[in-house]
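Remarks on the structure that follows.
The values are calculated or read from the model by the stated rules, or taken from the named source; none is laboratory data. Since the model is a prediction, treat every value here as computed from it, not as a measurement. Here Cβ is always computed from backbone atoms with ideal geometry, including for glycine, and neighbour counts include all displayed protein chains. In case anyone asks, the SASA skips ligands and DNA or RNA and just uses the protein heavy atoms, side chains included. Shrake-Rupley method; radii C 1.70, N 1.55, O 1.52, S 1.80 Å.
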Amino acid sequence: PAAVDRLDRAVRRFPDDLPLRALRTRMVIVQRGAEGRSALHDFEAFCEGNADALAELARLHLILLQEPQAARAAALRAIALDPSTASAHVMLGLAAQRVGDVRTARAELERAVELDPDDAEANAVLG
């Protein structure tokens, strides 16, 4: 709880810092349970209009909350804003993989590598 309180103060000081806001959201989801949905809703509002932030929202849905459909929706919104956001293609690919859509997963992960050949996550999944 003390860590979340410190992150709250940091977010008030640096309200536009994406990694800080994402970390705070993760911490609230993990440590405060019921408050997690509210924190996620606040983070989602922060993400509007920002492809990188929406890709991070997709990551939260997929990895932390185990919600591949919500992850897919956030990744698609990110790609609609900026098709060159490699992390959004990674998240879309991983969400597709989670629901068994192997063809889409591979295509999106390959697209991520085209956009960012050094993307460790996409390269690791593709092998």
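Evaluation of A10 against the conditions (1) under 21 Å from A122 (Cα atoms); (2) out of contact with any His (no Cβ under 9 Å at 6 or more places or on another chain); (3) open to solvent by less than 50 Å² (accessible area, probe 1.4 Å) shows that the sole unmet condition is (1). So, in the range 13-26, of the ones that are over 21 Å from A58 (Cβ atoms) and not in a helix (DSSP H, G or I), which residue ends up most open to solvent (accessible area, probe 1.4 Å)? So, considering only residues that are over 21 Å from A58 (Cβ atoms) and not in a helix (DSSP H, G or I), the one most open to solvent (accessible area, probe 1.4 Å) is F14.
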